[in-house]
Amino acid sequence: MKRLAFAIVVLLSFLLLGCQPSATPTPLPPPTATLPPPTATPAPPTATPTPLPTGMSVVVKYTGEKKGGILIYVDNQPPKPNQPPMPLQIATFKDVSSGELRWTLAPASYYITAFFTIGRAPEGPTLPNEPLILCNPIEVKANQNVSVEVILADADAGGKVKDCVKK
């Protein structure tokens with residue numbers, strides 16, 4: 001038992017001696033450079049409005065008293081007699097007399113056709129007594145949004161050609 005007690009004392013002494021600070025101090029790392037305070041707070045960047053993509057913003061209206069719907073479409077070629085249209089984009093407005101839409105289009109010349117269907121769903125072909133507008137060619141350039149307004153009136157029955165670019 002004495003031997004065990006002696007071994008424990010020696011072991012504890014050895015462990016405690018290993019925890020003492022060393023005779024030569026360890027050098028500290030050099031201080032880090034401090035940055036000077038900022039002289040001015042930079043202003044946040046001003047938000048620039050995002051331009052609309054190339055294309056057309058279109059308003060279409062019927063000014064008469066009849067009930068029906070509006071069909072409007074855009075094509076890259078003028079309408080051809082006795083041939084069905086091949087529209088690039090088409091929109092219909094049921095049981096209303098006006099509507100707004102936006103078409104994203106590549107730069108080119110376009111032709112808009114719009115008509116008001118009297119007492120029926122907005123689908124073609126147009127009937128002889130229904131207002132029909134064929135817009136003059138509309139030139140869309142890169143990074144340009146063209147504002148278009150198509151006004152259909154009862155006097156446009158049978159078809160009229162009009163300038164539809166909003167000035």
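Read-outs: derived from the displayed coordinates by stated rules, not from any lab. Note that the coordinates shown come from a computational prediction; the quantities given were computed from them, not determined experimentally. We place every Cβ from the backbone using ideal geometry, glycine too, and count neighbours over all the protein chains shown.
Points worth noting:
- Segment 112-117 - phi-based ³J(HN,Hα) in whole Hz, Karplus 6.51/-1.76/1.60, Gly and Pro as x: 9, 10, 9, 8, 9, 8
- Long-range HN-HN contacts of VAL96 with modeled amide H, under 5 Å: GLY68, ILE70
- Estimated vicinal HN-Hα couplings, Hz - segment 59-65 in sequence order (Karplus 6.51, -1.76, 1.60; Gly, Pro = x): 10, 10, 9, 10, 9, x, 9
- Within-11-Å neighbourhood charge of LYS162 [Cβ basis; K, R +1; D, E -1]: -2
- Amide H to amide H distances under 5 Å link LEU105 with GLY55, MET56, where only residues 5 or more positions off or on other chains count and H is placed in the peptide plane.
- Local charge for SER97 was computed over the other residues whose Cβ lies under 10 Å away, with Lys and Arg +1 and Asp and Glu -1, and equals +1.
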